[in-house]
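What follows is a single structure, written as structure tokens, with notes after it.
The values are calculated or read from the model by the stated rules, or taken from the named source; none is laboratory data. Just so you know, these numbers come straight off a predicted model, no measurement behind them. Positions of Cβ are backbone-derived with ideal geometry, glycine not excepted, and every protein chain shown enters the neighbour counts. The area values use the complete protein model at the heavy-atom level, side chains included, leaving out ligands, DNA and RNA. Shrake-Rupley method; radii C 1.70, N 1.55, O 1.52, S 1.80 Å.
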Amino acid sequence: MSNIHLESVYVPSDEVVARVIMDELIIVPLAAGIGDMEDELYTLNETGKAIWYRLDGHLSLGQIADVLAEEYDAPRDEIECDVLGLTAELLRRRMLIEVNPV
Amino acid sequence: MTYITLRNRYNQPLFTKGAPVLQYLDIELTERCNNACKHCFINLPIHDQNALAKELNTADWQDILRQAADLGALSVKFTGGEPLLRDDFAELYLYARRLGMTVKLFTNARLITNGLAEMFSRIPPLEKIEITVYGMHPETYDVAACAPGGYVEFRRGVERLLEEGIPFIVKGALLPDNMDDREEFEEWAKTIPWMENRPSYVMFFYQRGRPCNLALRQKIDHARINPEKGVALISSRPDYRDEMKQFCQQFTHPSGAQLFNCGAGIGGGIDAYGFYQPCLMLRDPNLTTNLKTTSLREAVLNTRPNLLKMTASRPDFLERCAHCFLRGLCESCPAASYAEHGCLDQPVEYLCQVAHAKARDIGLLDEKEKAWEVQDWKERLENLNTKESL
């Protein structure tokens, strides 16, 4: 997580397709090497979904944490931790790319 | 905290708030095939002009795939005929994958090119490709498939998938022409890295589901294996009988007059000409919907409730099938009945004989018994493992 900064902006990779079906957010790998096995798909929990929808290539991670803290009336520190945690997981799985990295 | 979970959709339910309107879609891209197997009910010649003129075009299929994705379908099967005969196969495959659907491909592998294998490597289907095998030598394959040079092309296609590491499984079509290749086929299947189980076989063939000439129907009749012999072949596998007994205890019981006890309509199939069918086998025009005039949503929503209300009216079905406790074991169904007789509720004698042979093989019936006359079927099922069922 050390290379992930709150000022950074991310967008879903075009190597995955995110689908919302029956309120579930399902991430279907498109490119090889993301899903290691056939028949396997990814789902996000409620926290993950709330963050994913805001990874739009415009909001920085810090701004996402601000928006969510206001929306969910939750401690900013906790939300920031969730935003950084999910971002790390998604980056590890090649599901996100950074916009205009410095 | 775990924000993201990897789920095997076949073992772990993906949805907690009910299932989507359309759970899967089977697409028959063409009825044309580069094989002309004697047993097959769907293998028009490659250049059949009538079929070519009627087949949906690329944009039509893309529209249907888009509708299917909007209805929640996560998986699409491309089958045929031979789906790789379509010039736009790669385009449709990529379109489906980019919609976030996984793709199951049913093929004979003869048309797997380096380009296709490379595409599957780059954008994997996320489901194992299923390859039907018609023999292990040119002398058997080419005769069974009526396709000179077919065997060489099939092996080349398989090699291309192996080289690229594309997961696939093989299944056999057992015909009089290739029966002697079975052991060799099973040994070869063991060498395929993605074969978790022994290969399955098609051998109790369906008749043609569309009107066609008598000679073709007779070909299928002749390709049908004797039921006792067919059951003897599959029951020689280790664990077959135990698995079959467990299956029967779980799924076989009389189902009364209700016609559809299956998953028809939960997903659905679309034939090469754009007609939605509750399952790909069911060709009854009264149960199909033309997607050129009706949306896929309407077709799906209108079909399943109607199927569940349908009951049999033919006396032979009501006397036999309605009371038969082998119903779960029997491959006869409205689709098979329609293919054989042109109606939904007439017993298919051949499949009835197969079900009885299977039941005799595991000790559920004796030689002369008819399953629909058996009164103590519950006790027989309960006692299956104790060998006291008769």
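Ratio of Rg to Rh for the range B:17-303: 0.95 [Cα atoms; Kirkwood radius as inverse mean 1/r over pairs].
Apply the a/c threshold of 1.5 to the C-alpha gyration tensor of the range B:60-167 and tell me whether it is rounded, prolate or oblate. Here the range B:60-167 falls in the prolate category.
Normalised by the empirical 2.2 N^0.38 Å for globular proteins, what value does the Cα Rg of the range B:312-386 take?
My calculation over the Cα atoms of the range B:312-386 gives 1.11.
Please compute the alpha carbon radius of gyration of the range A:62-102, then divide it by the globular-protein estimate 2.2 N^0.38 Å. Two decimals is fine. Ratio of Cα Rg to 2.2 N^0.38 Å: 1.27. Evaluated with a Cβ-only charge set (Lys, Arg +1; Asp, Glu -1), the range B:17-303 carries a dipole of roughly 620 debye about its Cα centre, given to the nearest 20.
Each principal axis of the Cα atoms in the protein assembly as shown has its own extent, and those three values, largest first, are 79, 53, 48 angstrom.
Hey, what did the range B:312-386 get for relative contact order, percent, Cα under 8 Å, at least 6 apart? After rounding, I find 31 percent.
For chain B, averaging the sequence separation of C-alpha pairs within contact (under 8 Å, six or more residues apart) and dividing by the residue count gives a relative contact order of 15 percent. In the protein assembly as shown, a dipole from Cβ-located charges (positive for Lys and Arg, negative for Asp and Glu) runs towards its positive end, and of A:L25, A:Y10, B:C40 it is B:C40 whose Cα lies farthest in that direction.
Tell me, what does the Kirkwood hydrodynamic radius of the range B:244-289 come to in angstroms if you use every pair of distinct C-alpha atoms? All intermediate terms of the calculation are to be shown ahead of the outcome.
Working: mean 1/r = 0.0803 Å⁻¹.
Its Kirkwood hydrodynamic radius stands at 12.5 Å.
Secondary-structure-derived ellipticity at 222 nm for chain B, considering helices only, amounts to -11000 deg cm²/dmol, per-run term -39500 (n - 2.57) for DSSP H runs with n ≥ 4. Specify which residue in the list B:Q249, B:H222, B:P238 is farthest towards the positive end of the charge dipole of the range B:209-287, using unit charges on the beta carbon of Lys, Arg (+1) and Asp, Glu (-1), about the Cα centre. Of the candidates, B:H222 comes out farthest on the positive side.
Given a 1.4 angstrom probe, what's the average accessible area per residue across the range B:151-229, in square angstrom?
On the way: 4230 Å² over 79 residues.
I get 54 Å² per residue for the range B:151-229.
Seen through its C-alpha gyration tensor, with square-root eigenvalues sorted a ≥ b ≥ c, the range B:203-301 comes out oblate because a/c lies at 1.5 or above while a/b is not bigger than b/c.
Could you compute how much accessible area chains B and A hide from each other, both sides summed, with a 1.4 Å probe? Nearest 100 Å² is fine.
Details: alone 18900 and 6550 Å², together 22510 Å².
For chain B against chain A, roughly 2900 Å² becomes buried.
What you get for the protein assembly as shown, charging only the Cβ of Lys and Arg (+1) and of Asp and Glu (-1), is a dipole of about 1320 debye around the Cα centre.
Look at the dipole of the range B:17-303 built from charges on Cβ: of B:G80, B:Q62, B:F260, the Cα furthest out on the positive end belongs to B:F260.
Each label was represented as a point 7 Å from its Cα along the Cα-to-Cβ direction; for A:L6 and B:A215 these points are 8.1 nm apart. Each Lys and Arg adds +1 at its Cβ and each Asp and Glu adds -1 at its Cβ; summed about the Cα centre, the range B:334-390 shows a dipole of about 120 debye. Only alpha carbons enter this Debye calculation for chain A, each as an equal point scatterer, and the log10 of I(q)/I(0) it gives at q = 0.13, 0.14, 0.16, 0.19 Å⁻¹ is -0.45, -0.52, -0.68, -0.94.
Mind checking the alpha-carbon convex hull of the range B:212-362 and giving the volume per residue in Å³?
Numbers: hull volume 19.8 nm³, N = 151.
It is 131 Å³ per residue.
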